[in-house]
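I have placed the structure first, in the form of structure tokens, so that the comments after it can refer back to it.
The values are calculated or read from the model by the stated rules, or taken from the named source; none is laboratory data. Just so it is clear, the structure is predicted and the values come from calculations on it, not from any experiment. Note that we place each Cβ from the backbone using ideal geometry, even for glycine, and neighbour counts take in every protein chain shown.
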There are 2 protein chains.
Amino acid sequence: MEEKEISKAVVKRLPRYYRYLGDLLSSGVERISSNELSDRMNVTASQIRQDLNNFGGFGQQGYGYNVKYLYNEIGKILGLDKTYHMIIVGAGNLGQALANYVKFEKRGFWIKGIFDVNPRLEGVAVRGIPIRMIDELPSFCRENEIQIAALTLPKEQAAKMADILVENGVRAIWNFAHIDLDVPEDVIVENVHLSESLMQLSYNLNHYERDHRKS
Amino acid sequence: MEEKEISKAVVKRLPRYYRYLGDLLSSGVERISSNELSDRMNVTASQIRQDLNNFGGFGQQGYGYNVKYLYNEIGKILGLDKTYHMIIVGAGNLGQALANYVKFEKRGFWIKGIFDVNPRLEGVAVRGIPIRMIDELPSFCRENEIQIAALTLPKEQAAKMADILVENGVRAIWNFAHIDLDVPEDVIVENVHLSESLMQLSYNLNHYERDHRKS
């Protein structure tokens with residue numbers, strides 16, 4: 001399948017399509033029309049048709065989408081038909097939460113190692129994976145061909161750690177540290193800034209209340 | 001200060017301004033020009049001027065922005081000059097990670113309680129806060145005037161829990177469960193879908209590689 005250039009906004013919506021289609025598949029639904037999908041997802045049917053047209057459509061007029069086919073195709077676009085070697089750097093609660101999340105492995109993200117600076121954590125196993133010390137990190141990344149690293153450590157250590165990871169072949173950083181990383185252009189950074197998400201919540205909470213009072 | 005209607009895109013950028021200004025403040029910087037801020041934040045200076053103009057500007061031509069003033073004003077817009085009563089529902093690794101994150105309290109988000117369904121966790125303290133069982137949740141929410149709930153539990157339980165929270169006065173849900181919540185229009189939902197973030201990372205990783213190979 002030949003892909004067209006697709007916009008960032010569409011890419012952002014793809015994982016949600018993937019999730020809904022996966023749920024439909026689990027419930028045994030084989031076909032769905034854009035109207036039904038629209039009702040479930042609370043997105044207009046025309047938005048759905050437009051988004052899916054980016055990938056050549058998949059749908060037949062009056063016949064709906066083949067759920068399994070669409071699910072698999074979107075999975076391929078998202079790169080979920082491959083497997084990735086991943087490590088977690090920072091074995092605090094957040095790092096351990098990620099390590100315990102088995103769904104990631106089902107999607108092809110194999111957690112090969114967990115690292116920390118705290119010597120008391122050395123050798124402690126999280127879901128069978130022993131926590132290793134940072135001095136082992138460079139050789140571990142190279143030997144295990146690690147492509148993705150989740151950074152779940154304090155912001156003070158994150159920048160230096162990102163440099164080490166990139167030097168040792170890591171191609172993508174899933175960054176939970178509250179800092180913008182400065183990495184080479186060909187390294188992917190996906191940020192999860194929890195504080196910023198909470199601030200958006202409080203903005204919306206206040207502004208909903210304000211707008212509500214006015215009316 | 002009178003606020004104009006501001007766009008969602010600007011609201012999304014505000015927490016990042018807030019973070020940079022906070023860092024500048026900690027380093028003792030009192031004034032900064034839009035050009036300097038632009039260099040640091042990797043955003044164009046004209047974008048910065050436009051964004052900050054939404055709030056009446058704050059800057060004087062040729063004199064730069066007063067860092068402390070701007071930091072405080074953006075904090076007010078984000079609602080960080082108030083305090084909020086918050087609970088965490090789901091005391092697994094992720095819930096405990098949030099409970100341990102002291103910065104939230106510094107920003108005015110007071111964690112008043114942590115809840116779980118697992119009886120083995122009853123009474124276990126996380127940063128001095130005892131984990132309570134779900135049957136106490138309704139009265140706890142009302143008595144402690146809980147406004148915000150973080151939902152860090154499996155998706156199967158999330159929808160029902162959201163209903164209970166809303167019935168007991170919770171006005172905003174910080175949703176980490178991998179599901180779209182169906183709540184009344186006046187309830188704020190801020191989603192953090194970690195799987196979807198990881199899928200965007202893998203999309204970008206694959207498409208960077210593909211685009212790179214082509215050239």
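Return the residues of the stretch B:76-88 that are outside any loop (DSSP other than H, G, I, E, B) and at the interface with chain A (Cβ under 8 Å from one of its Cβ atoms); say none if nothing qualifies. Write out each step before concluding.
Here is the first cut: in the stretch B:76-88, the residues outside any loop (DSSP other than H, G, I, E, B) are B:76-77, B:84-88.
Those that are outside any loop (DSSP other than H, G, I, E, B) and at the interface with chain A (Cβ under 8 Å from one of its Cβ atoms): B:ILE77, B:TYR84.
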**Message:** Would you confirm, using the coordinates I've provided, whether A:LEU205 is facing chain B (nearest Cβ under 7 Å) and touching a strand residue (DSSP E or B) at 6+ places or on another chain (Cβ under 6 Å)?
**Reply:** yes
**Fill in**
Scanning the stretch A:54-70 for residues that are surrounded by fewer than 19 Cβ atoms within 10 Å (Cβ to Cβ), at pLDDT 85 or above and in a strand (DSSP E or B) gives A:ASN66
**Request:** Residue by residue through the stretch A:25-48, note down the ones that are within 14 Å of chain B (Cβ to nearest Cβ) and either part of a helix (DSSP H, G or I) or more than 15 Å from B:ASP180 (Cα to Cα) (or both).
**Result:** A:SER26, A:SER27, A:LEU37, A:SER38, A:ASP39, A:ARG40, A:MET41
**Message:** Regarding the stretch B:158-171, can at least one residue be identified that is within 30 Å of A:LEU21 (Cα to Cα) and in contact with a Cys (Cβ under 9 Å, 6 or more places away or on another chain)?
**Reply:** yes
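Confirm whether A:VAL189 is at pLDDT 95 or above, more than 9 Å from chain B (Cβ to nearest Cβ), at negative phi and surrounded by 15 or more Cβ atoms within 10 Å (Cβ to Cβ).
On the way: at pLDDT 95 or above: yes; more than 9 Å from chain B (Cβ to nearest Cβ): no; at negative phi: yes; surrounded by 15 or more Cβ atoms within 10 Å (Cβ to Cβ): yes.
No.
Rundown of residues vs (1) touching a residue at least 40 places away in the same chain (Cβ under 8 Å); (2) under 21 Å from A:GLY79 (Cα atoms); (3) part of a loop (DSSP other than H, G, I, E, B); (4) in contact with a Gly (Cβ under 7 Å, 6 or more places away or on another chain), yes/no style:
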{"site": "A:PRO184", "(1), (2), (3), (4)": "no, no, yes, no"}
{"site": "A:GLU190", "(1), (2), (3), (4)": "no, yes, no, no"}
{"site": "A:SER197", "(1), (2), (3), (4)": "no, no, no, no"}
{"site": "A:LEU205", "(1), (2), (3), (4)": "no, no, no, yes"}
{"site": "A:TYR208", "(1), (2), (3), (4)": "no, no, no, no"}
**Message:** So for the stretch B:172-179 (the condition being away from every other protein chain (no Cβ under 11 Å) and part of a strand (DSSP E or B)), does at least one residue qualify?
**Reply:** no
**Request:** Scan the stretch B:97-150 for residues that are facing chain A (nearest Cβ under 10 Å) and part of a strand (DSSP E or B) and jot them down.
**Result:** B:PHE109, B:VAL126, B:ILE148, B:ALA150
**Prompt:** Hey, does the stretch B:67-75 have a residue that's more than 30 Å from B:LEU194 (Cα to Cα), within 14 Å of chain A (Cβ to nearest Cβ) and of a type in the set (Asp, Glu)?
**Reply:** yes
**Prompt:** Taking the stated definitions as given, is A:ASP51 of a type in the set (Asp, Glu), over 30 Å from A:ALA150 (Cα atoms) and part of a helix (DSSP H, G or I)?
**Reply:** no
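Being in contact with a strand residue (DSSP E or B) (Cβ under 6 Å, 6 or more places away or on another chain), buried (at least 21 other Cβ atoms within 10 Å of the Cβ) and over 20 Å from B:LEU201 (Cα atoms) is the requirement here; does A:LEU137 meet it? Spell out how you get there, then give the answer.
Working: in contact with a strand residue (DSSP E or B) (Cβ under 6 Å, 6 or more places away or on another chain): yes; buried (at least 21 other Cβ atoms within 10 Å of the Cβ): yes; over 20 Å from B:LEU201 (Cα atoms): yes.
Judged against the criteria, A:LEU137 is a match.
Is it true that A:ALA91 is assigned to a helix (DSSP H, G or I) and either in contact (Cβ under 8 Å) with a residue 24 or more places away in the chain or within 11 Å of another protein chain (Cβ to nearest Cβ) (or both)? Talk me through it step by step, then tell me what you get.
Working: assigned to a helix (DSSP H, G or I): no; either in contact (Cβ under 8 Å) with a residue 24 or more places away in the chain or within 11 Å of another protein chain (Cβ to nearest Cβ) (or both): yes.
No; evaluated as a whole, the condition is false for this residue.
Being charged (D, E, K, R) and more than 18 Å from the chain's Cα centre (by Cα) is the filter; apply it to the stretch A:107-134 and report the residue that is surrounded by the fewest Cβ atoms within 10 Å (Cβ to Cβ). Break it down stepwise before answering.
Restricting attention to the stretch A:107-134, the residues satisfying the condition of being charged (D, E, K, R) are A:107, A:112, A:116, A:120, A:122, A:127, A:132.
Of the ones still in play, those that are also more than 18 Å from the chain's Cα centre (by Cα) are A:116, A:120, A:122, A:127, A:132.
Numbers: A:ASP116: 22, A:ARG120: 8, A:GLU122: 13, A:ARG127: 12, A:ARG132: 18.
Here the answer is A:ARG120.
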**Asked** So is B:ILE164 assigned to a loop (DSSP other than H, G, I, E, B) and over 20 Å from B:PHE109 (Cβ atoms) or not?
**Response** no
